[in-house]
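Structure first, then comments.
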Amino acid sequence: MSEANPPLETTPAASSLTLQQLSRLQPTKAPRTLWGDAWRRFRRHRMAVAGAVIFCLLVIMVAVGPLIYGGDPRKIDFGKSMLPPSLEHPMGTDDLGRDMLARVMLGGRVSLSVGVAAMLISITVGTLIGAIAGFFGGRMDSILMRITDLFLALPVVPLLLLLIFLFRDTLRRALGPETGIFVLIVFVIGILNWMTVARLVRSSFLSLKEKEFVEAARALGVTEPKIMFKHILPNALGPIIVAATIGVGAAIITESVLSFLGLGFPPDVPTWGRLLYDGQNFLDFAAWMVLFPGFLIFLAVLCINYVGDGLRDALDPRSRL
């Protein structure tokens, strides 16, 4: 009768060696982060990704296009007045014979710069006021929110027109015709659009300041400014980023409205809104003077809104994307 096989000895050294070998065979995964998960959810939002790509192409066009395209946006040639789109002039010419593609690209620089700069002002002011109101609460919260309600009750467009009418000439003399009106428009648009951001940041701070990590920071003796801007603010960036993207589109539309009303930049400084204003009288027989800048305004704002929707869903942990 054959002898049975003796059982294998499992010493601690052998078992630990086996565990080490198994751990090496298992693939290691990078740790998940909040921004990594947000990026994965954002990539699944097809319209947001398409909007981001198209908007980046617009930015590249207005930033690099004038350096590549040979047309002069300020060259007047009455012999080429109101020519339709062609190979020589892809977007046609205006009533003074200036190339529309060159003017659209140069005007895009101004319009997008106004949108971004005004957004930065509104986000900065709104974040500061909302953070102070939400963190300290009490009387400070009441005062700041009443100021916010006051600004919300103001009629924005008439106030914009009034401020630009009152201070336009003063800033032109002080800073120059282009820089002065740029500073005025950016400041006025930015200072009248911070209220929504302030309310969003306040609500986030009211919720986050009661969390355990804030209590732990207080127990460790961390100062209140550090708790506000180092611990709470990074966790409230989601609504701020979404508001920033939407704010750029709103600022572009506001600048276009002001330029269309003749209260924006000087006539020799093309913006998308100014090009609409200059071409409105020739709409019947030179529609390209209005269609191209109007379409770019529509496209830029639409792309920004899609990006904002994608960021809102991506930064929401409850999203299924």
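The values are calculated or read from the model by the stated rules, or taken from the named source; none is laboratory data. Worth saying up front: this structure is predicted, and the values here are computed from it rather than measured. Note that we place each Cβ from the backbone using ideal geometry, even for glycine, and neighbour counts take in every protein chain shown. For the accessible areas, the whole protein counts, side chains as well, though only heavy atoms, and no ligand, DNA or RNA atoms are used. Shrake-Rupley method; radii C 1.70, N 1.55, O 1.52, S 1.80 Å.
Quick notes
- Tilt relative to the chain, helix 288-314 - C-alpha long axis, 0 to 90 degrees, to 10: 20
- Once the Cα-Cα distance is subtracted from the 0.36 nm per residue extended length, the VAL222 to TYR69 segment shows a gain of 49.5 nm.
- Helical runs (DSSP H, four residues minimum) scored at -39500 (n - 2.57) apiece and divided by the length of the chain put the mean residue ellipticity at 222 nm at -23000 deg cm²/dmol.
- Trypsin sites (Lys or Arg not before Pro) within the stretch 211-267: DSSP coil, no more than 16 neighbouring Cβ in 10 Å: LYS211
- 10 Å Cβ shell holding at most 13 others, DSSP loop, GluC sites (Glu not before Pro): longest site-free stretch of the chain: 89-209
- Both radii were evaluated on the Cα set of the chain; the Rg over Rh quotient, with Rh as the Kirkwood radius, amounts to 1.20.
- Estimated distance in nm for a label pair at GLU215 and VAL157, the labels positioned 7 Å out from Cα along Cα-to-Cβ: 5.1
- Nearest-ten-degree value, helix 100-136 long axis tilted from longest Cα axis of the chain: 50
- Exposure ranking of LEU162, LEU302 by accessible area [1.4 Å probe, largest first]: LEU162, LEU302
- The angle separating the long axis of helix 237-260 from the principal Cα axis of greatest extent in the chain is about 10 degrees.
- The 1.4 Å probe gives accessible areas that order PHE285, PHE229, PHE182, largest first, as PHE285, PHE229, PHE182.
- Under-16-angstrom lysine pairs by C-alpha in the chain, whenever the two are 8 or more apart or on separate chains: 4
- Rounded to the nearest whole angstrom, the semi-axes of the ellipsoid equivalent to the stretch 92-158, taken from the Cα gyration tensor as √(5λ), stand at 42, 14, 5, largest first.
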